[in-house]
Amino acid sequence: MQQETFPVELAELAAALQINSEIFNANREALALRKEVESAARIFIFDHETQAETFTRAYGIKNALKCCLALLSANIDPAKYENVRDLGCGSGVFGLTFAFLAANPMLRLTFVDQSPLHLNIAQTVMADSGCAGSFSFLNQTLPPDLPSSSDLDLISYWFCENGHVASDANLIDRLIGREAIIVDYEKVISGIVDHIPKYLIVKDRWSVESDVPLHMRDIVGDESVRSYGIHIVRA
């Protein structure tokens with residue numbers, strides 16, 4: 001297990017979002033959802049039509065920190081990518097994290113999700129972020145063919161709810177553009193690696209953990225976060 005440290009700037013951004021954006025404030029329903037998830041001895045599948053906002057309040061910032069660990073572990077330069085997609089974006093925190101680290105006014109970042117509720121949340125999150133770049137939001141069911149390819153795809157905790165894609169090399173191929181960074185549960189990552197087509201190469205794989213800054217632990221609901229993921233490139 002590799003240990004990483006968060007950039008101070010990202011911790012400050014996450015704290016600022018929690019203060020300035022009502023959507024990240026954990027209310028009673030969000031705390032109850034955390035308790036339910038922690039007591040479930042399985043991968044928890046959320047009802048995104050009814051729990052989109054509650055999920056974001058409970059896990060939005062925590063998942064942003066996990067995605068930050070993934071981007072650090074992938075050893076990429078976010079600023080070099082201009083056409084990026086956040087696939088199955090949910091509340092958009094993976095794209096948010098990428099845009100913050102990239103600080104690239106030329107960035108074109110597309111958030112894709114089948115839920116209009118999630119896309120509305122992602123729009124709010126990005127409007128509050130102040131991040132550089134242009135952002136678009138696409139209501140699209142995955143993995144059918146997307147309108148365009150990308151330089152990089154960001155995918156977090158989507159495969160765990162779409163296991164049939166993780167075990168289908170053809171669907172993985174249709175989903176991913178030139179490169180992808182995938183964050184998910186460890187067993188899900190292993191399943192993707194086992195079924196990945198030969199013309200997609202796992203450039204890097206990681207399991208990293210980091211302490212959550214003291215002033216954010218109540219917000220995140222944990223003392224540390226752990227990120228499992230892979231960086232895939234097309235041969």
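Here the average projected area of the convex hull drawn through the C-alpha atoms of the chain stands at 11.5 nm².
Along segment 69-84 the Karplus relation, 6.51 cos²θ - 1.76 cosθ + 1.60 evaluated at θ = phi - 60°, assigns HN-Hα couplings of 4, 5, 5, 5, 6, 6, 6, 10, 9, x, 5, 7, 9, 10, 10, 10 Hz to successive residues, with x for each Gly and Pro. Within a straight-line Cα-Cα reach of under 13 Å, K198 can be paired with the following aspartates and glutamates, leaving aside sequence neighbours fewer than 8 residues apart in one chain: D168, D173. Going Cα to Cα from K35, which lysines come in below 28 Å? Please leave out same-chain ones fewer than 8 positions away. Straight-distance partners of K35: K62, K66, K187. Exposure proxy ranking for H231, H48, based on other Cβ atoms within 10 angstrom of each Cβ and starting from the fewest, stands as H48, H231.
Grab the beta carbon distance between N83 and K198, set R0 = 22 Å, and tell me the FRET efficiency rounded to 0.05. With R0 = 22 Å, the Cβ-Cβ based efficiency is 0.30. Applying a DSSP loop filter and a limit of 14 other Cβ atoms within 10 Å to the trypsin sites (Lys or Arg not before Pro) in segment 164-235 leaves R178, K198. In the neighborhood of A166, defined by Cβ-to-Cβ distances under 14 Å, what is the net charge if each Lys or Arg adds +1 and each Asp or Glu adds -1? So the environment of A166 carries a net charge of -4.
Highest average first, the peptides 115-121, 69-75 ordered by how many other beta carbon atoms sit within 10 Å of their residues are 69-75, 115-121. Relative contact order of the chain: 21 percent, from C-alpha pairs under 8 Å at least 6 residues apart in sequence.
The numbers here are math on the coordinates, done by the rules we state, and not lab data. This one's a predicted model, so the numbers in the text were calculated from it and none came from an experiment. Cβ atoms come from the backbone with ideal geometry, glycine included; neighbour counts cover every protein chain shown.
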